[in-house]
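What follows draws every value from the coordinates through simple rules; no lab data is involved. On a predicted model such as this, the values are computed, not experimentally measured, just so you know.
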């Protein structure tokens, strides 16, 4: 063999494309990711959005101000009430209406109940994504309590349409306080067991710890908000920055954890459920009794200008920009959705990971695709 | 002792059809006897598969605080028959450019592997179709044919995801066969023979799990883990349960093709459970050594055997509905870095225990 | 940092800016398309490390972008507005290298308004299919089959 001219063969494995298609059992909605893979390692992610794009922003330009609220709870349907509250607050800020205290307290309680429901569903689907199929059933069973409470008062289980500019649509059901007071101790007793089911399991810990680490500078640069940013130590809770409704008179902690890996984001959401229970407990006992609707004109026209209202949904920082030119329809409405920026983070975190890790990372990001596609 | 004067009922049946005292049909009688026995096993295969699927659905429902199938038939017992009829009526579609030979051979291979392994299992004294002297090793060897079936299915489907799933599954199965085989070897050290009957005979006084105390317990744990991985169940069901793979290597199969894969998975689980029961728990022997005193031997043997097998199957189903699944590299790390060295050391330990006669016998 | 400080610092570097605070919630900075990229660099230097949102606008005669920027330490928020005259082939530089949050936002503005961002890594449509014609969020976009206006 002629050893002088021996060249080392450059063994390059070929990269191939895999489609994590719009229908897949890790049901986060219709998200299509085009992955470039090298063996089992993901090299590049390109999201292909638009499967549930309903042009809500364009449609808002043709509707009156009282009607655009009904479009917003189809955005992030798991935090439907908080989205409605955002638009109602933006309009009230523009018109400088003072809402009754009862309205503020009701809106906050409903918002926190929605947050708990959203986090429970996230927990169930998270377990299902990594393989523990029983968590799905437990989470939905507890979510049914919240859905029943909501249905008594607002008439709907998912898309509540409850806030209006100036107040809320209906008064609370007569059993509302009693049922919420029964629900809180029940959830407090089962949440530690649920946590133990997953975090007590070494298989789960090995799939979560140290995977998908997001540094704080990256979190700010990519615009991540909500539990994604709080898991990396970035303080980004809108309820503390600009308190709205009745949140300025309750006492709760903002859950901040270091680490930035999957386990930190998981723990942030589990602890947030306890904080929400604390908020509800502080408010449920003395709901003031001064009416449910402030006086507004029948046809609302905002003054010229630009108005921004930020709220904290279960996913992060949701902003409503209303740009008005004095007419009865808004000139431009823009919804700044938290999932859009968190998707940016996924593109970065997913590089050079295994495929199984990508599934686990996207489960902790908690996407709701209608929020991203609008 | 029971075993020395037990007749093999199948052998008697073959004798009856072909031999001098019975119908005396000669060679044709022998072939007919084989066909009847095979049909019997096929029927058992089908019924056991259906019952295991029903059991899985009910147990899963009870773990998840719901009811499970309870409409079709009394307590929902006929549910799986309804499902099977539905699957039979479906068209076996395939992908456009599939490799026809591999695609259609795949599901036959897994069925063949499962059925042939079933023939060595000893259900009761005298109820064993194939009494070879390499009993348990035969099962381990034949299950490799099943792996071939998976890989054919993945390649022949002409689908990237099926191929990924088949590759992962093949890798997993051949890795864990090593640990399973070594755990089996640990028990063989106590017996000195691979024959299924000898193994059960050696457990007359008390079961191997107690006889071989520490090394046998370790081998039991290793065998359960490796067995769960062999039949592709959670926590090792990465090839078929992963979010992006859909159903892994059998995602392009429908109708009877899918039914075969599905049934074969449950029968594999049954075989692993019967091996566990035979090697560690005493097969069809009654507990506390009262086997001799019971009348109607084969019937009682069957009852004890099925009680033990169903207990192990319940354990495997419990795993499935509680644990998350392991990633592929964690799975392989578990096997090659932890289970395999532990199994090898365990063999040495068991050899020492047997040599110095430290077994617990009473 | 207060709005006066920001105004003074920036007015020294870029003489063609105009500021507006009346009737708006935040300090609005109007910048021309030529100074856009440099202004963004300067704003990032001043400590605004979080791009909150990018809003594409159609002002009737021109197209425009409004960027909201936030300082995560002091929670000050400003808005930077730019207007692009050319409606046929609107173009502007990308700020993807400064704030990574702009990556998907600019794709969406290109998709719905038609503004081409020079230097973007993946300048393709995001929400609409690849072969869609037209830019739907513009005010003069009319489609008889898909729009029903009462």
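Assorted remarks:
- GNM flexibility winner over chain A from A:50, A:305, A:231 (Cα, springs under 10 Å): A:305
- Here is the tail figure for region B:154-228: Cα pairs spaced more than 22 Å apart come to 40 percent of all pairs.
- Gyration tensor (Cα) of region B:303-362, equivalent ellipsoid semi-axes in angstrom: 29, 24, 7
- Cα shape, region A:280-374, gyration tensor, a/c 1.5 rule: oblate
- Pairwise alpha-carbon distances in region A:117-182 exceed 20 Å for 42% of all pairs.
- Prolate/oblate/rounded call for region B:78-191, Cα gyration tensor, a/c under 1.5 rounded: oblate
- With the Kirkwood sum run over all distinct C-alpha pairs, region A:13-104 has a hydrodynamic radius of 16.7 Å.
- Debye log10 I(q)/I(0) for region C:62-150, one point scatterer per Cα, at q = 0.21, 0.24 Å⁻¹: -1.09, -1.29
- Among B:28, B:226, B:273, residue whose mean-square fluctuation peaks in a GNM of chain B (springs only between Cα atoms under 10 Å): B:28
- Per-residue [θ]222 nm for the protein assembly as shown (sum of -39500 (n - 2.57) over DSSP H runs n ≥ 4, rounded to 500): -16000 deg cm²/dmol
- Percent antiparallel among DSSP beta bridges (both partners in region A:55-373, rounded to 5): 100
- The shape of chain B can be summarised by an equivalent ellipsoid whose semi-axes, obtained from the alpha carbon gyration tensor, come to 33, 28, 20 Å from longest to shortest.
- Rel. contact order, % - alpha carbon contacts under 8 angstrom, at least six apart, region B:64-169: 28
- Sorted from greatest to least, the principal axis extents spanned by the alpha carbons of region A:62-131 come out as 50, 32, 13 Å.
- Mean-square fluctuations from a GNM of chain B, with a 10 angstrom spring cutoff on Cα atoms, peak among B:271, B:200, B:214 at B:214.
- Note on region A:55-373: Kirkwood hydrodynamic radius from all Cα pairs is 20.1 Å, rounded to one decimal.
- Projected over all directions and averaged, the alpha-carbon convex hull of region A:163-238 occupies 8.7 nm².
- Convex hull volume per residue for the protein assembly as shown, taking Cα atoms only, in Å³: 249
- Based on alpha carbons, the Rg and Dmax found for chain C are 16.4, 52 Å.
- As a ratio to 2.2 N^0.38 Å, the alpha-carbon radius of gyration computed for region A:197-307 takes the value 1.47.
- Antiparallel beta bridges, as assigned by DSSP with both residues in chain C, represent about 70 percent of the total such bridges.
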